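Here's the structure we're looking at; comments come further down.
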Amino acid sequence: MTIDEPAVPTIADAISQSVDVLPSRELAPGEYLLTRGDTGEEAYWVERGCLQVLGTDGAVVTELGTGALVGEYSALTGGERTATIRASESSLVRVVGADHLESLIASDARLAGSVRDEAARRVHATRVREVLGEVVGPGYPEVVAALADCGAWRHLAPGETLFSAGDEATCGFVIVSGRLRRLQDGATGFGS
């Protein structure tokens, strides 16, 4: 008999427990919630509706629905917003101040990892779609979405080889971040 490990709590789950004490903000379709480069001391929990994350070219790179938390990373660090976000339909968000986020994280140490992992995943997914949008070109969001969803994403450590001369060519590669260097022996790997 195995004992199921309890699910790791998410910050969105923790916020949903205290949603009644959080101020709300109603967004009309097309209304902007966050703008890339701005700073802010609050995050937003989507109680109802759908938000669109926009790439640097203004194209929709992903959508976030009910239960999603946005802006948490910059709220906690005081850094710049990493994305522009607007409502795609009538939406209701709850305003979650940095102090409230910090107190939730302090109540359960596992939440810190949850916040870090979710923010990193979202930033990476946004960056992947932006790069694919540059490769594919404007006007093909469905192609970008299909490529992003079907691709196998690899992370290379410095010095790790991606492929070598003579390897069978079965796929292509798109560099999302970092750089590759062609080595004298014909191997191509991640540059430092």
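The values are calculated or read from the model by the stated rules, or taken from the named source; none is laboratory data. This one's a predicted model, so the numbers in the text were calculated from it and none came from an experiment. Cβ: placed from backbone, ideal geometry, glycine included. Neighbour counts: every protein chain shown. For the accessible areas, the whole protein counts, side chains as well, though only heavy atoms, and no ligand, DNA or RNA atoms are used. Shrake-Rupley method; radii C 1.70, N 1.55, O 1.52, S 1.80 Å.
Numbers below:
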item	result
Label-point separation in nm, R110 to D13, each point 7 Å along Cα→Cβ	0.6 nm
Crossing angle, helix 98-107 versus the chain [Cα axis fit, 0-90 degrees, rounded to tens]	80 degrees
Rule-of-thumb Rg ratio for segment 59-113 [Cα; 2.2 N^0.38 Å; N residues]	1.28
Per-residue [θ]222 nm for the chain (sum of -39500 (n - 2.57) over DSSP H runs n ≥ 4, rounded to 500)	-9500 deg cm²/dmol
Solvent-accessible area per residue for the chain (1.4 angstrom probe, square angstrom)	59 Å²
Mean Cβ neighbour count within 10 Å, used as a protection proxy, ranking 130-138, 86-94, 156-164 highest first	86-94, 130-138, 156-164
A125-L183 FRET efficiency (beta carbon distance; Förster radius 35 Å; 0.05 resolution)	0.70
Proximal charge balance of W153 [Cβ under 13 Å; K/R count +1, D/E count -1]	+3
The chain - percent of accessible surface contributed by carbon and sulfur, probe 1.4 Å	53 percent
Relative contact order of the chain, pairs being alpha-carbon contacts under 8 Å that are 6 or more residues apart, as %	21 percent
